[in-house]
Amino acid sequence: MSDFDRFDFEENNIKNEQASQDGAFEQKANEGGPAEPRQEAPYQNVAYMPVMMPGERRSRRVKPAIVALIVAASLLFCTVCGLAGYLIADYLGERIEIGDDGGIVPNGTTGGGSTTEVNGMGDAPNYNFAGVTIPQNDGSALVGSTNGSAGANATTRIAAVAAVRDSVVEISTTTISNRGQLTAGAGSGVIIHADGIVVTNNHVIDGVSNIYVRLTNGNTYEAYLRGTDEENDIAILKITPKETLTVAKLGNSAALAQGEDVFAIGNPLGELGGTVTEGIISALGREVEMSDGTVMTLLQTSAAINSGNSGGGLFNMAGELIGVVNAKYSATGVEGLGFAIPIDSALGSINALLQYGYIPGRPSLGVTVADGTFKTGSGFFAEYRTFPYVYEAPSTSVLKANDIIYAVDGVAVSSVANLKSLIRPKRVGDTVTLSIYRDSQQTTVSVTLIEYVPQ
């Protein structure tokens, strides 16, 4: 199942677009940089020529200078109309606006309501994250219960939804490419602390420029990113709320039972915030290999999961958060295959990110790598292949910028994801031998792995 991938919803140029790949998990969220916005078809300016009807005589020939004048006038007219339309749409709030700090902020609605103001992140960057610990639900006594993880607290679905719906938020993101093009994305999140701490998926916010959180009351806040765990697909955000927040109560995913009733709340399609879908726990401890080589142990559910649900909550019938939605299986004729990160395992990442801002002990080559396409061979045998290469390296590293990596300890690699899958099982302090191309020459270097600390 190496084609399995995470997903989230992404819209280009503030227009909703969906993309899926048969037989593969969808992940359109900003891996290796955001997708370039879709190129709209330009308006075509047509210069009309006189047409002779039956029995009609052509009185004179139209001069090329007149045709050129007509075309130029048409172009000018379309340009003026286009500019006027842009300004009108911008005024009406259907496009984007520039915030006081120069950042792009969403203007309008993503969930059926209206937003008149985007609140800043306030003092969120200076918040005492290390002083917060999210406690685990000690529901071990419920293991084997006939009611599953809900135990005696199980209630009706209506009551359970009412208790937790305000704890699930809509997340929108914007990214500006190097060429100044805008890519917008959307997902979901869950409030896990009254001070405005929100958990979501790493792939929802990976590589974006700005993150915004919209509450069910319509208030929107710019969010501060505390830290991410790429391997476990968890990210922690912080907002500075003006109101009292509804905090999700954590359940115990170890006590879940196959067949137990659950429901998901999220923001499918990036514009249907607060959507509730119901189902059961279809499987426990399902091992899934993602496209980047990461193997995750997930909960499988029959609750409908769609693009935009990423980062949202999976709840039991006691209204307790038992999973963070992060994936679905998408293929023609396939339905009801959604997945969520068990809250018990997610909690380890959550508390580590609160304490440190990153996951300590993760090994790294100490350089920035990217995928590139390179020509190999010559003449009739020449071909273009993809390899990871060193995009940036500190002066202290034995690796240099533009080194092309084609093997780790003798094992061939063909992508950054492949490279990471070989480094991941190692430990900080281990030494690996890299086979590289440097200045068109093959050589090997030994690299001592260091702890990955994001900038």
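Between Lys375 and Asp439, the modelled label-to-label distance comes to 2.1 nm, taking each label 7 Å out from Cα in the direction of the beta carbon. Seen from every direction in turn and averaged, the convex hull around the alpha carbons of region 322-438 projects onto 11.6 nm².
With a point put 7 Å past each Cα toward its Cβ, work out how far Glu392 is from Asn178 in nm, to one decimal. The answer from the label model is 1.2 nm. Looking at region 207-272, the trypsin sites (Lys or Arg not before Pro) that sit in a DSSP loop and have at most 16 other Cβ atoms within 10 Å of their own Cβ are Lys242.
With a Förster radius of 22 Å applied to the C-beta separation of Asp430 and Ala407, the computed FRET efficiency comes to 0.85.
For GluC sites (Glu not before Pro), no site in region 364-455 is both called loop by DSSP and has at most 13 other Cβ atoms within 10 Å. Potential lengthening of the chain between Tyr356 and Ala283 amounts to 23.0 nm, from the contour at 0.36 nm per residue minus the alpha-carbon distance.
Applying a DSSP loop filter and a limit of 11 other Cβ atoms within 10 Å to the GluC sites (Glu not before Pro) in region 175-244 leaves Glu243. Structure note, pairs Lys328/Lys400; Lys375/Lys420; Lys249/Lys328: Cα-Cα distances above 32 angstrom occur for Lys328/Lys400. Once you reduce region 309-369 and region 386-417 to the center of their Cα atoms, the two points are 29 Å from each other.
Highest mean packing comes first when the peptides 359-366, 158-165, 347-354 are listed by Cβ atoms within 10 Å, giving 347-354, 359-366, 158-165.
We did not get these values from a lab; they are worked out from the coordinates using the rules stated. Small disclaimer: the values here were computed from a predicted structure and weren't measured. Note that each Cβ is placed from the backbone with ideal geometry, even for glycine, and that neighbours are counted across all protein chains shown.
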